[in-house]
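S.K.: The structure follows.
The values are calculated or read from the model by the stated rules, or taken from the named source; none is laboratory data. Nothing here was measured: the structure is a model prediction, and the numbers come from that model. With ideal geometry, Cβ positions are generated from the backbone for all residues, glycine too; neighbour counts draw on all protein chains shown.
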């Protein structure tokens, strides 16, 4: 009788184990890693993730939320937050800093007295100054940074030269006239 009870208990235990199994293997989830790649309109830039400088333009990180900052000298920082749950490409378009764009060059034209014809009335009023073909109203003006063609006219004579002006710099233009006598 003890044998029958023992066999019956064993049969119940084996049967319950068979029905209790689902056939699924449960594995512990490991965090997935994803890649962030940064492209920018600026050739040389610094790439930060959560305040840490990244070498290059690509980083692999686990699933999560990150603060991304792209920096380049003379440009406004590009800042974004990403919820990293797949590989991502960030196209960072950096804008020039406003202070770099708006600062002009300062230009002053000086006409030496030794080349002026004082036998004419209002001698200086006969001098006309052009910046890229635009008549300036005076001998002092501001110019946006870049290449400029300055032309000074008076009567039948004109002098013209092209020059690159830089932001915040001051320039003095002085026409020089001399006679080149040859035999």
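S.K.: Can residue 89 be described as assigned by TED's automatic domain parsing to the domain that holds residue 45 and either surrounded by 13 or more Cβ atoms within 10 Å (Cβ to Cβ) or not in a helix (DSSP H, G or I) (or both)? Walk me through it before giving the result.
M.R.: On the way: assigned by TED's automatic domain parsing to the domain that holds residue 45: yes; either surrounded by 13 or more Cβ atoms within 10 Å (Cβ to Cβ) or not in a helix (DSSP H, G or I) (or both): yes.
Yes: the conditions hold for residue 89.
S.K.: Right, here's the next one. Quick one: count up the residues across the stretch 74-115 that are out of contact with any strand residue (DSSP E or B) (no Cβ under 9 Å at 6 or more places or on another chain) and free of Cβ contacts under 8 Å to residues at least 40 places away in the same chain.
M.R.: Matching residues across the stretch 74-115 total 6.
S.K.: I'm trying to understand the selection: among the residues of the stretch 140-164, which are part of a loop (DSSP other than H, G, I, E, B) and surrounded by 15 or more Cβ atoms within 10 Å (Cβ to Cβ)?
M.R.: 145
S.K.: Another one. Please determine whether any residue of the stretch 110-123 is surrounded by 13 or more Cβ atoms within 10 Å (Cβ to Cβ) and within 33 Å of the chain's Cα centre (by Cα).
M.R.: no
S.K.: Let me ask something else. Name the residues in the stretch 159-174 that are within 18 Å of residue 133 (Cβ to Cβ) and touching a residue at least 24 places away in the same chain (Cβ under 8 Å), would you? It would help to see each step written out before you state the result.
M.R.: Initial filter on the stretch 159-174 (within 18 Å of residue 133 (Cβ to Cβ)): 159-165, 173.
If the condition is that a residue be within 18 Å of residue 133 (Cβ to Cβ) and touching a residue at least 24 places away in the same chain (Cβ under 8 Å), then 165, 173 are the ones that fit.
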